[in-house]
1. Could you give every pair whose Cβ atoms fall below 8 Å, whose first residue belongs to the range 182-198 and is acidic (Asp, Glu), and whose second residue is part of a strand (DSSP E or B), counting only separations of at least 6 or pairs across chains?
2. Of the residues that sit in the range 57-76 and are among the β-branched types (Val, Ile, Thr) and part of a helix (DSSP H, G or I), which one is farthest from residue 225 (Cα to Cα)?
3. Does residue 285 satisfy the condition of being more than 30 Å from residue 68 (Cβ to Cβ), of a type outside the set (S, T, N, Q) and touching a residue at least 40 places away in the same chain (Cβ under 8 Å)?
4. Is it the case that some residue within the range 146-161 is surrounded by 15 or more Cβ atoms within 10 Å (Cβ to Cβ), at pLDDT below 95, β-branched (Val, Ile, Thr) and outside any helix (DSSP H, G or I)?
5. Go through 79, 54 for me and flag whichever is in contact (Cβ under 8 Å) with a residue 12 or more places away in the chain, crowded, with 18+ Cβ neighbours inside 10 Å and in a helix (DSSP H, G or I).
6. Go through (1) small (Gly, Ala, Ser); (2) modelled with pLDDT of 85 or more; (3) in contact with a helix residue (DSSP H, G or I) (Cβ under 7 Å, 6 or more places away or on another chain) for residue 104 and report which single condition fails.
7. Which ones in the range 162-187 are over 20 Å from residue 70 (Cβ atoms), touching a helix residue (DSSP H, G or I) at 6+ places or on another chain (Cβ under 8 Å) and modelled with pLDDT under 85?
8. Go through (1) closer than 30 Å to residue 258 by Cβ; (2) touching a helix residue (DSSP H, G or I) at 6+ places or on another chain (Cβ under 6 Å) one by one and return the number of the condition residue 65 breaks.
Amino acid sequence: MAVSLREYRARIKSTESMKKITRAMELIAASRIIKAQQRAQSAAPYARELTRAVSAVATYSSVDHPMTQESEDPRRAAVLIVTSDRGLAGAYSSSVIKEYERLAEKLREEGKEIDTYICGRKGEAYFKFRQRRVVQSWTGFSDQPSYDVAQEVGESLIAAFVAGEDDEVETGGKPVDEVHVVYTRFRSMLVQEPTAVRLLPLEVVEGEEKPSSDEVFPLYEFEPSPEAVLDALLPKYVQSRIFFSFLQAAASELAARQKAMKAATDNADELIKKFTRIANQARQAGITQEISEIVGGVNALADANAAAE
């Protein structure tokens, strides 16, 4: 019983140490979620005005830009997966990968080949373990993304999309006819939704609210030309969409980590109570056994003295 009691006490001590770690990680994630939400909200006005500008050029000009043209026979699609760099976030990364697998199955049924681009070490490890080809990957920024990384990712995807059939892409991939991004949309602290969105060919969407029928639209004049304006705006528009997905994914990752660490802390409390109860039972059993041995020894000694007399 003494050995068992020492073992349970050691387990209680180690569980208490783990509880301190998970509690600290929960508080850190909770403090960072607010900042991540503020970053996403602060980036919204720029994305909204940029969307309006692109919509104006696309609507009030008759320019056919390579990034807005649908391929007659699309055969290859690029998919960007946004995962996390660190674990301890529950099913966050696995949910994104499952959404990617569903999208990939749908694209293959349409007869398209897939080039995979990955953000985050978790997604990179997933594909490396299964020896599946990855065209390009970016890591080290999942919880605090920057626009510079989004710009680099956007340039790689745009280069693959606008390249001709006979052109070579610098990243090692092949020219693609479509570009998709799979990320986790932050709905609330309790709900994070894996989402797949097609980026290219470009579909400009201003929002869910439709303009009223009596709204008067202004007249536009583009300088130096609609083609030059589109050449300048469309890459920035795609990069802003990618940056938006990074910000949403960062907030979702922190929310998932906070929820997972809270569950781990609660489980540690339950384990401590369980181990404490078992340790008390073991200690009580040891005391009872010692008392029984003492009583048995006293009775044996009394019987021996009575027989001697």
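1. From the range 182-198, the pairs are 193/184; 193/185.
2. Across the range 57-76, the extreme among qualifying residues is 68.
3. Criteria met by residue 285.
4. No, every residue in the range 146-161 fails to be surrounded by 15 or more Cβ atoms within 10 Å (Cβ to Cβ), at pLDDT below 95, β-branched (Val, Ile, Thr) and outside any helix (DSSP H, G or I).
5. On the way: 79 fails: in a helix (DSSP H, G or I).
Answer to the check: 54.
6. Tallying (1) small (Gly, Ala, Ser); (2) modelled with pLDDT of 85 or more; (3) in contact with a helix residue (DSSP H, G or I) (Cβ under 7 Å, 6 or more places away or on another chain), residue 104 fails exactly one: (3).
7. Of everything in the range 162-187, those that are over 20 Å from residue 70 (Cβ atoms), touching a helix residue (DSSP H, G or I) at 6+ places or on another chain (Cβ under 8 Å) and modelled with pLDDT under 85 turn out to be 169, 170, 171, 173.
8. For residue 65, the exception is condition (1).
The values are calculated or read from the model by the stated rules, or taken from the named source; none is laboratory data. All of these numbers come straight from a predicted model, not from anything done at the bench. All Cβ positions, glycine included, derive from the backbone under ideal geometry; neighbour counts span all protein chains shown.
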